[in-house]
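Remarks on the structure that follows.
What follows draws every value from the coordinates through simple rules; no lab data is involved. These numbers come from a predicted model, not from an experiment. Cβ: placed from backbone, ideal geometry, glycine included. Neighbour counts: every protein chain shown.
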């Protein structure tokens with residue numbers, strides 16, 4: 001049996017939109033922070049045919065849609081060809097966080113599958129020794145955002161694969177306000193296709209390029225407030241693409257707006273607060289400096305007191 005695991009990541013400069021002529025080639029670069037506490041575990045074992053099964057483990061989620069299974073197995077088939085792996089295998093996987101609801105479970109799962117398949121190839125296939133950058137490029141072809149999950153804590157993805165980048169705030173507290181855990185009605189893959197129909201997509205790559213430069217400068221200068229303003233504008237830019245696509249769609253829920261308004265009021269009252277972002281889903285990610293622990297605890301309590309149906313998970317507590 002071969003085992004591996006990989007973390008999720010949250011993009012502060014978003015990957016949304018693909019170059020049509022190449023699989024999962026982004027229209028703009030993206031910058032992400034690795035969520036080392038959100039992981040996918042993958043086990044691969046020899047079997048009579050290729051198949052997927054849930055990995056039963058306490059505290060782990062095993063939901064995977066039929067489409068998700070097909071996509072996962074198709075990528076494993078591609079990996080077998082690339083790594084020249086013979087025979088059939090059963091793949092077992094699970095996350096320690098909810099999947100298919102906008103928490104980047106495909107990033108961690110495809111990265112973990114790539115690492116596990118590479119381990120199989122070293123014993124059963126024909127593959128040269130590969131570095132993380134090489135595996136990142138391969139994982140990208142299965143799930144674009146997975147290429148960033150090979151590096152901690154910051155990853156920059158500009159072309160075929162991601163690479164690590166040195167920035168301050170490498171040890172942040174992370175919370176996500178889980179508004180909904182149900183499977184998204186519009187998958188991230190479908191979202192990538194639809195955003196091209198938005199009139200606002202013209203100019204989107206250039207806007208992202210500008211924000212990337214500004215965000216990296218703000219982080220290097222440790223200008224936290226500027227970083228907040230940039231990441232706030234960036235995720236709204238992405239969600240505006242969703243709402244203006246043909247046909248339009250959206251992920252914002254009433255609970256999402258409530259948490260966002262609470263975060264903005266905190267910044268207005270305190271002159272300080274978390275970096276705030278959202279992926280293609282209703283759940284809200286919050287990143288804090290290490291010295292903001294009391295602020296993080298206060299905000300988590302405020303969120304859960306305001307709406308008992310919203311739970312907050314992350315590395316600031318032991319409630320994963």
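Brief remarks follow.
- Both numbers refer to the Cα atoms of the stretch 54-117; Rg and Dmax are 12.1, 35 Å.
- The chain: angle of helix 204-220 to the longest principal axis, Cα-based, in degrees nearest 10: 70
- Considering only Cα atoms, the convex hull volume of the chain works out to 126 Å³ per residue.
- Among 42, 62, 178, the ranking by other beta carbons within 10 Å of each residue's beta carbon, starting with the fewest, stands as 62, 178, 42.
- Label zone at residue 51, where the point sits 7 Å out along the Cα-to-Cβ direction: the stretch 67-101 residues whose backbone N lies under 19 Å: 67-77, 87-94
- With the simple model of a label 7 Å out from the Cα in the direction of the Cβ, residue 248 to residue 315 spans 3.8 nm.
- Computed helical MRE - 222 nm, the chain, DSSP H runs ≥ 4 contributing -39500 (n - 2.57), nearest 500: -12500 deg cm²/dmol
- Derived value for the stretch 1-151: Kirkwood hydrodynamic radius 15.4 Å. Basis is the mean of 1/r over every pair of different alpha-carbon atoms.
- Of all beta bridges that DSSP places with both ends in the chain, some 90 percent have antiparallel geometry.
- Relative to the globular-protein estimate of 2.2 N^0.38 Å, the Cα radius of gyration of the stretch 173-314 stands at 1.09.
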